[in-house]
Amino acid sequence: MKKRLYKYFPWVFVLGDIAAVSLSFFISTFLFQHFSDFKGLDFLNFPVFIMIWMVITILKEDFKFERTSEPNQTFKKLMGSLAWFLVIISMIWMPFHDNALRLLSFVSLAAILFFVLLFYRISWHYFIKRLHVQGFDFRKAVIIGSGGMGNRLEDVFKLRKDFGIKFLGYYDDIEKSTNTRGKIESFFEEAETLGIDLIYINEFLDKKIIKKVIAFADDHFIKVKIIPSGALQLEKNLSFSRYGDLTVINVNEIPLDHVVHRFLKRSFDIIFSLFVIIFILSWLIPLVGILIKLESKGPIFFIQERNGVNNKIFLCLKFRSMTPNDYADTHQAVKNDPRVTRIGSFLRHSSLDEMPQFINVLLGDMSIVGPRPHPIPINKAFKNQIEKYNSRHKIKPGITGLAQVKGYRGEIEKPHQIRSRVRLDYFYIQNWTLLLDLKICILTVYELVLNRKNAY
C-alpha cells in the first residue's frame, strides 16, 4: 500500500530545524560563558531569532525535498537561508553588544549554526531517501511513448530506489516490450484506477497526443514531465528562462553564473586568502626571499602571464624556484631539471612556491579552488588539441583543484594526463558547490602531506 507521509514531513522538519538552531545558540553561549566580557544569550531576543528563522525557511520552502535531489541541493538551500538569517540577526545582535567579544561570538555562532544545521539537514535528506528505499511515500509513474530516452529513464527508476518512484510501465501505439501496458488510448481508461501520480511523456510523440495527455493530467491533478530527446540529454544541468510567454532552455549555464554562488565563493576566497597572507605570508615571504637571494641572483618572485577567467591575462605570482632562463614559459619543469635551484627544489616539492598566489586570490585574479592555470604558450597548444580544453576558463583558475587532488599534477608526460585534467576540471565547473570546495581543500592538505611523487 502506498504510504503518504509527506503531509507530516514539513512539520517534523521545521520542529527539527528549530531544535537545531536552539542547540546552536546554547552551544555558543556555553563556549563563551567563561569570558567576563561575554553577556551571553539574550533570552528575550531568542524567540525573535527563532521566529526569524522559521519565516525564512518557510518562505524559502526549505522543508520541500525533491525526490531526485542530491545532497548538494540540500546544502545550497541551507546556505541561502543561513545567509539571510545571519544578515538579519546581525542587525539585532551587533548594535546591542559593544564588548570586545561581540564579533568573535557572532562568528562562532555562525560557524556552529552552519555545522549543526548541515548535520541535521543532510541526515534528514538521507533519512527520507532511506524511507523511499523501504517503500514509504512512493509515487506511481508511467511513461507515454516507449523507446529512446524513455528506456533510459526506466533504468534510472530501477537503479535509484531512493527516488521513491514506482514505475508501472509504458503506453505506446507502436513499440511493444515486456513493460508495455497497452496503447496510448488505454492510458486514459486505466489512469484513474491505477492511482498514477506522475506521467513522463517522450518528446517525439505527436503534439496532439501530448496536448491531450496534459489536458487529462490537469483534470485529474497528475504531474506531467517531458523527457527531452537525445539532443538535450547533455552532461550538465539544464535551466529555463522566460521571455514573456515563451520558455527557452539554457543549455550551458553553470552554478557560478548565479550571483549568490559567486558571492559565496568570493567570500570564501577573501577570508581564506586574508588569513594566509596575514598569518603565513607575512613572515614566509621575507624568510624565503632571503634564502632565494643567498643561493642565486635574480628576483624573489617569478611572475608569469597566464590565462584567467574568460581567457583574460593576469600576472601569476610564484616564489622563484629556478635560475633565470629563457625557457620558463615554454618548457615545463621535469624530474631532475637542472634549472631548479636547491631551495627551489624544496619549494616545489613542498608546493610552497605556489603560496604567493594567495595574493592573486585576494586581488580577484584567482580562486582558492579552480582549474590550474597553464603558461600561455602551453595553453594555446592544448586548446587546439584537447576537446573542451578552453571551457576551463569559464571560471577563475585556482591554487588547487579537483584534478590536482585526484593525482593529476606536475609534468604532463602523456596525452591522457591532460585529458583527465580537463575532464575533472569540466566536472568541477558543472557541479560546483561550496561543500565541494571545502572537500578539495581538505584533500589538498592530504596530498601535500602524503603524496609528493609528482612534485618536482
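Has the range 440-452 got at least one residue that is open to solvent by less than 10 Å² (accessible area, probe 1.4 Å) and either more than 16 Å from residue 307 (Cα to Cα) or without any contact (Cβ under 8 Å) to a residue 60 or more places away in the chain (or both)? So far as the range 440-452 goes, yes, one or more of its residues are open to solvent by less than 10 Å² (accessible area, probe 1.4 Å) and either more than 16 Å from residue 307 (Cα to Cα) or without any contact (Cβ under 8 Å) to a residue 60 or more places away in the chain (or both). Exactly one residue out of 163, 136 is touching a residue at least 40 places away in the same chain (Cβ under 8 Å) and open to solvent by 60 Å² or more (accessible area, probe 1.4 Å): that is 136.
Residue-wise test of (1) touching a strand residue (DSSP E or B) at 6+ places or on another chain (Cβ under 8 Å); (2) modelled with pLDDT of 95 or more; (3) within 23 Å of residue 70 (Cβ to Cβ).
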site: 356; (1), (2), (3): yes, yes, no
site: 361; (1), (2), (3): yes, yes, no
site: 379; (1), (2), (3): yes, no, no
site: 417; (1), (2), (3): no, no, no
site: 443; (1), (2), (3): no, no, yes
site: 449; (1), (2), (3): no, no, no
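Look through the range 289-323, keep the residues that are part of a loop (DSSP other than H, G, I, E, B) and more than 26 Å from residue 363 (Cα to Cα), and return whichever of them is modelled with the lowest pLDDT. Across the range 289-323, the extreme among qualifying residues is 323.
When you look at residue 86, is it open to solvent by less than 30 Å² (accessible area, probe 1.4 Å) and aliphatic (A, V, I, L, M), yes or no? Taking the combined requirement at face value, the residue does not satisfy it. Residue 365 satisfies every condition listed in (1) touching a Ser or Thr at 6+ places or on another chain (Cβ under 9 Å); (2) part of a loop (DSSP other than H, G, I, E, B) except (1). Among the candidates 176, 208, 225, 158, the residue that is over 26 Å from residue 69 (Cβ atoms), modelled with pLDDT of 85 or more and loosely packed, with under 15 Cβ neighbours inside 10 Å is uniquely 208.
Considering the range 56-71, the residues that are hydrophobic (A, V, I, L, M, F, W, C) and part of a loop (DSSP other than H, G, I, E, B) include one that is surrounded by the fewest Cβ atoms within 10 Å (Cβ to Cβ), namely 63.
Rundown of residues vs (1) open to solvent by less than 20 Å² (accessible area, probe 1.4 Å); (2) farther than 20 Å from residue 254 by Cβ, yes/no style:
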| position | (1), (2) |
| --- | --- |
| 377 | no, yes |
| 384 | no, yes |
| 390 | no, no |
| 418 | yes, yes |
| 433 | yes, no |
| 437 | yes, no |
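Restricting attention to the range 286-315, the residues being of a type in the set (D, E, K, R) and open to solvent by 80 Å² or more (accessible area, probe 1.4 Å) number 4. Looking at the range 183-197, which of its residues are under 20 Å from residue 151 (Cα atoms) and surrounded by 15 or more Cβ atoms within 10 Å (Cβ to Cβ)? Scanning the range 183-197 gives 184, 187, 196, 197.
The values are calculated or read from the model by the stated rules, or taken from the named source; none is laboratory data. These figures come from a predicted structure and were not determined experimentally. Here the Cβ is made from the backbone with ideal geometry for all residues, glycine too, and neighbour counts use every protein chain on show. Quick note on the areas: whole protein, heavy atoms, side chains included, nothing else; ligands and nucleic acids left out. Shrake-Rupley method; radii C 1.70, N 1.55, O 1.52, S 1.80 Å.
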